Amino acid sequence: MTMTIPSLDPQSLIVILTGAGISKESGLDTFRCAGGIWAQYDLEDVATPQGFLRNPQLVHGFYNGRRAGLLDKEIQPNAAHKALAHLEQAWPGGVLLVTQNIDDLHERGGSQNIIHMHGELLKIRCEHCHTITEWREDLGLETVCGACQRKGGMRPHVVWFGEMPLQMAEIGEALQKCGLFLSIGTSGHVYPAAGFVSDVQQRGHGHCIEMNLEPTAGQSLFDDHIYGLASEVVPDFVQKLLATLPQACA
Ligand code: BV8
C-alpha cells in the first residue's frame, strides 16, 4: 500500500480517533474480531444500563476481569501509542486524541490531549453523588463511595450502549476545524464515533484517512486508506508526516 502523505498546514489541528485495534498488539482483546469480547459476552448483558440493573454482579465481574487484565505488567503501550504521543509533541497545530478505548495505554504511551469518549476502566462513578474516583481494585455492590460514604451505587465510569458518550461538544468542535482526521484501529460499528468521518466530510475541511488492519464498512467515506498492523503503519505515517514540516518547525 503506497503511503500517501497529505500536504497539511503545520498550524492545522489533527484529530485522531482510536479503537480497540490500536491496543490489540499490546495484548488487549478487540470486540468484534474473531474470539473478541462480544464473542465471549452478550453486550446487552454487560454493556447496557439494563444489563447492569438486571445482574450487577455479572457486569462488575466483566469489568473487574478487564481491569485486572489491564493492570497486568505484560500489558504495555506499543509503538503505535508512542508514535501518536510523539506526533502530539512535535506537531505545531496541535493533536486531539479521541479514543473509544477505556484502557490507559495512550496515557502510558505519553499522549496528554486525550478524550475518553466511552469512559475509563480505571475510574468508577457513584450513582448517588456522581463523584468520579480513580480505581484499580475489584468493584462490587459492597464498595463504599469515598465521597458520600454510601454503598451500592458504584459503577464503572464507562459509557454503555444507550448512554451519551463524553465530551461530545468538544469533539464536534474539533472535527469542524481539523485539517486531518485519522481513524485508527476501529471497525466503525459504533456510533456516534463511526459518524465522525462523515461529520468532517460534510461540515469540515479535513483530509480523512482510515488506518486499520483491514478495510472497514465505512472505508468509502475516507479520502485515503492505510492497512496493516497499527504498530507498523502508525509510526511510519507519523515519521513521514513530520518529515513534511519546514525544518524550522521539526
Ligand atoms: C449513543 C463500553 C446517544 C465500554 C461501548 C446512530 C447514532 C447514535 C447512536 C446509535 C446510532 N445507531 C446505533 C446507535 C446506538 C449505539 C450503537 O452505535 N450501536 C451499534 C452496535 C450499532 N450507540 C450508542 O449507544 C452510544 N450512545 O449513541 O448515545 C444518545 C443520544 C441521546 C441520549 C442518550 C444517548 C454509546 C456507544 C458506546 C458503547 N460502549 N463499550 C467498554 O466496555 O469498552 S462500545 C465498544 O465498541 C467499545 O467502546 C469499543 O471501543 C467500541 C468500538 O469498537 P472498536 O474499538 O471499533 O473495536 P472493534 O473490535 O469493533 O474493531 C477493532 C478494529 O481493529 C477492527 O476493525 C480490526 O480490523 C482492527 N484491528 C485489529 N487488530 C489490529 C487492528 N487494527 C490495526 N492494528 C491491529 N493490530
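Among 130-140, 194-204, what's the highest-first ranking by average C-beta atoms within 10 angstrom per residue?
Ranked from most to least packed, the peptides come out as 194-204, 130-140.
Taking the alpha carbon gyration tensor of segment 119-180, what are the square roots of 5 times its eigenvalues, largest first, to the nearest whole Å?
30, 11, 10
List the residues whose amide H sits under 5 Å from the amide H of Lys123, counting only those 5 or more places along or on another chain, with H placed 1.01 Å from N in the peptide plane.
Correct list: Trp135, His157.
For every helix of n ≥ 4 consecutive DSSP H residues, a contribution of -39,500 (n - 2.57) applies; sum these over the chain, divide by its total residues, and give [θ] at 222 nm rounded to the nearest 500 deg cm²/dmol.
-8500 deg cm²/dmol
In whole Å, what three semi-axes, largest first, describe the equivalent ellipsoid of segment 134-250 built from its Cα gyration tensor (square root of 5 times each eigenvalue)?
Working from the Cα gyration tensor, I get semi-axes of 36, 18, 16 Å.
Using every pair of alpha-carbon atoms in segment 1-42, split the distances into 5 Å bins beginning at 0 and state the percent of pairs per bin, rounded to integers.
Result returned by the calculation: 5, 17, 16, 14, 14, 13, 10, 8, 4.
How large is ³J(HN,Hα), in whole Hz, for each residue of segment 184-201 in order, when computed from phi with the Karplus curve 6.51 cos²θ - 1.76 cosθ + 1.60 and θ = phi - 60°, using x for Gly and Pro?
Calculated HN-Hα couplings, in order: 10, x, 9, 6, x, 8, 9, 9, x, 4, 5, x, 4, 4, 5, 4, 5, 5 Hz.
Can you tell which of Thr186, Val158, Ser23 lies farthest toward the positive end of the dipole of the chain, using +1 and -1 charges on the Cβ of basic and acidic side chains (Lys, Arg; Asp, Glu)?
Sorting the options by dipole projection puts first Val158.
Order of 43-55, 83-95 by packing, highest average Cβ count within 10 Å first?
Order by mean packing, descending: 83-95, 43-55.
Along its principal axes, what span do the Cα atoms of segment 1-127 show, with the longest given first and each in whole Å?
Projected onto its principal axes, the Cα set of segment 1-127 covers 51, 35, 27 Å.
Describe numerically, in nm with one decimal, the distance between label points set 7 Å from Cα along Cα→Cβ at Tyr227 and at Lys151.
Placing both labels 7 Å along Cα→Cβ, they lie 5.3 nm apart.
Give the order of Cys208, Cys129, Cys145, Cys33 when sorted by the count of other beta carbons within 10 angstrom, beginning with the fewest.
Going from sparsest to densest Cβ surroundings: Cys129, Cys33, Cys145, Cys208.
What fraction of the Cα pairs in segment 1-75, stated in percent, has a spacing above 19 angstrom?
Details: 1539 of 2775 pairs.
Value for segment 1-75: 55 percent of Cα pairs lie more than 19 Å apart.
Among the lysines, which fall within straight-line cross-link reach of Lys177, defined as a Cα-Cα distance under 26 Å, with same-chain neighbours fewer than 8 residues apart omitted?
Candidates past the 8-residue exclusion: Lys82, Lys240.
Report the relative contact order of the chain, percent, no decimals, based on alpha-carbon pairs under 8 angstrom and at least 6 residues apart.
Reported as a whole number, the value is 24 percent.
Take Ala217 and Ser7, extend 7 Å from each Cα along the Cα→Cβ direction, and tell me the distance between the two endpoints in nm.
3.7
Provide the percentage of antiparallel DSSP beta bridges, counting only those with both residues in segment 153-240; round to the nearest 5.
Among the beta bridges of segment 153-240, antiparallel pairing accounts for roughly 0 percent.
To the nearest µm²/s, what D does Stokes-Einstein give for the chain at 10 °C and 1.306 mPa s, using the Kirkwood radius over alpha carbon pairs as Rh?
Value of D from the Cα-based Kirkwood radius: 84 µm²/s.
For segment 105-119, what does the Karplus curve 6.51 cos²θ - 1.76 cosθ + 1.60, with θ = phi - 60°, yield as ³J(HN,Hα) per residue in whole Hz, taken in order and with x for Gly and Pro?
My calculation for segment 105-119 gives 5, 5, 4, 6, x, x, 5, 10, 8, 10, 10, 8, 5, 9, x Hz in order.
For segment 194-250, how big is the tail of P(r) above 18 Å, as a whole percent of Cα pairs?
45
What is the magnitude of the charge dipole of segment 35-165 about its Cα centre, with +1 placed on the Cβ of each Lys and Arg, -1 on the Cβ of each Asp and Glu, and no other charges, expressed in debye to the nearest 20?
Roughly 220 debye, rounded to the nearest 20.
Points 7 angstrom from Cα along the Cβ direction at Lys73 and Phe161: gap in nanometres?
Rounded to a tenth, the inter-label distance reads 3.8 nm.
Rule-based calculations on the coordinates, nothing more; no lab input. Note that this is a predicted model, so its numbers are computed, not measured. Positions of Cβ are backbone-derived with ideal geometry, glycine not excepted, and every protein chain shown enters the neighbour counts.
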